[in-house]
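What follows is calculated from the coordinates using simple rules that are stated; it is not laboratory data. Quantities reported herein were computed from a predicted structural model and do not represent experimental measurements. Backbone-built Cβ (ideal geometry, glycine too); neighbour counts: all protein chains shown.
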Amino acid sequence: MKAASYPLAREQDFTSRVNGRAYRVRVATPYGPPPETGYPVLYVLDGDGYFGSFADAARMRAALGAELPHAAVVGVGYPGGDLSAALGRRFLDLTPTEPDEAEKASHTFATGDLAYAGADDFLEILTEEVRPRIADILPVDLSRQAVFGHSLGGLFVLYSLFRRPDAFSAWLALSPSIWWDGRTVLRGEAGFTAALPALATPPRLFVGVGALEQPVGSPARMVDNAVELSARFSALSGPPGWRFASRVFEGETHSSVIWPAINPMLDFALKDA
């Protein structure tokens, strides 16, 4: 039996000029022609695990039911196909700060020399290295660029939104690890909310979490942190174009919540308001 390939997809490895590390980008070409303005694009972090699921949902819903516009789905991950190594790499790319020694000691499921606090570099890689590669091979709508992240990826989404809200038009934070390093990501919240009314192109933000992500007594407070953040954002009065949505996915754990969340997040990011 020979190895299978994902249909109508392209794959490219490159070494970043920003941090000298290797990345793998997968691009799922939509089944239909682009809109006049080009394809909207969804960038999926942890693409080694989630690219195919998002690509299948986006392409089939657009092609069969016209429920979504035809959109390009881009998975951003790492060469090699080693899941434990990819888990180690994501600690650098998706975290804004370095944790304490106790937290580092808990990362026994990842391999390699773990590093942290590379979120600023990774945002530059996404916007200045990955995004131009997609524009080189597909007609894209630069005004409709969304990014999805789960867990530490959700932490990265919130951190990057607070720092550069114009970098993407839609931000999808699922199960965000707000607890990381004493909830340091929330230091950027006040600045973002203060700047929001004056933003020329206000973003969309979706925050989701599985209802079963917070065992009794869990110090991470995964559900509580997401719900509390959502309550604050729901109360914001933003300029025209600002949209916020949140959802607690009943019966879902930290691992299972991805798949029931895919369609609501695609609707939020790709459908017109």
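Suppose every K and R has +1 on its Cβ and every D and E has -1 on its Cβ; what is the size of the dipole of segment 9-270 about the Cα centre, in Debye to the nearest 20?
Numbers: 22 positive and 30 negative charges, 102 e Å.
With Lys and Arg at +1 and Asp and Glu at -1, about 500 debye.
Treat the count of other C-beta atoms within 10 Å as a stand-in for reagent exposure and order TRP180, TRP259 from fewest to most.
Details: TRP180 22, TRP259 13.
Ordered by Cβ neighbours within 10 Å, fewest first: TRP259, TRP180.
If each residue's Cβ is checked for other Cβ atoms within 10 Å, how do VAL74, VAL27, VAL216 rank with the fewest at the top?
Lowest count first: VAL216, VAL27, VAL74.
How much net charge surrounds ALA57 when only other residues with a Cβ under 13 Å from its Cβ are counted (Lys, Arg +1; Asp, Glu -1)?
So the surrounding residues net to -1.
Run lengths n ≥ 4 of DSSP H only: what is the helix-derived mean residue ellipticity at 222 nm for the chain, with -39500 (n - 2.57) per run over all residues, to the nearest 500?
Rounded to the nearest 500, it is -10500 deg cm²/dmol.
What percent antiparallel are the DSSP beta bridges of the chain, to the nearest 5?
Looking only at bridges with both residues in the chain, the antiparallel portion is about 30 percent.
What are the chymotrypsin sites (Phe, Trp or Tyr not before Pro) within segment 15-109 that DSSP puts in a loop, where the Cβ has at most 14 other Cβ atoms within 10 Å?
TYR31, PHE109
How large is the direction-averaged shadow of the alpha-carbon convex hull of segment 186-225, in nm²?
3.8 nm²
Going by Cα centres, segment 19-90 and segment 204-273 are how many Å apart?
21 Å
Could you tell me the extents of the chain's C-alpha atoms along the three principal axes, largest first, rounded to whole Å?
Sorted from largest, the Cα extents of the chain read 49, 48, 38 Å.
Hey, what D do you get for segment 96-188 in µm²/s if you plug the Kirkwood alpha-carbon radius into Stokes-Einstein at 37 °C and 0.692 mPa s? Walk me through the numbers on the way to the answer.
Values: Rh = 14.5 Å.
Value of D from the Cα-based Kirkwood radius: 226 µm²/s.
With a ≥ b ≥ c the root eigenvalues of the C-alpha gyration tensor of segment 1-45, is it rounded (a/c under 1.5), prolate (a/b larger than b/c) or oblate?
oblate
Over the chain, what is the mean sequence separation of C-alpha contacts under 8 Å (at least six apart), divided by residue count, expressed as relative contact order in percent? Working shown, then result.
On the way: 511 pairs, mean separation 43.0, N = 273.
In percent, rounded to a whole number, it is 16.
Just rank GLU252, GLU189, fewest to most, by other beta-carbon atoms within 10 angstrom.
Fewest-to-most ranking of GLU252, GLU189: GLU189, GLU252.
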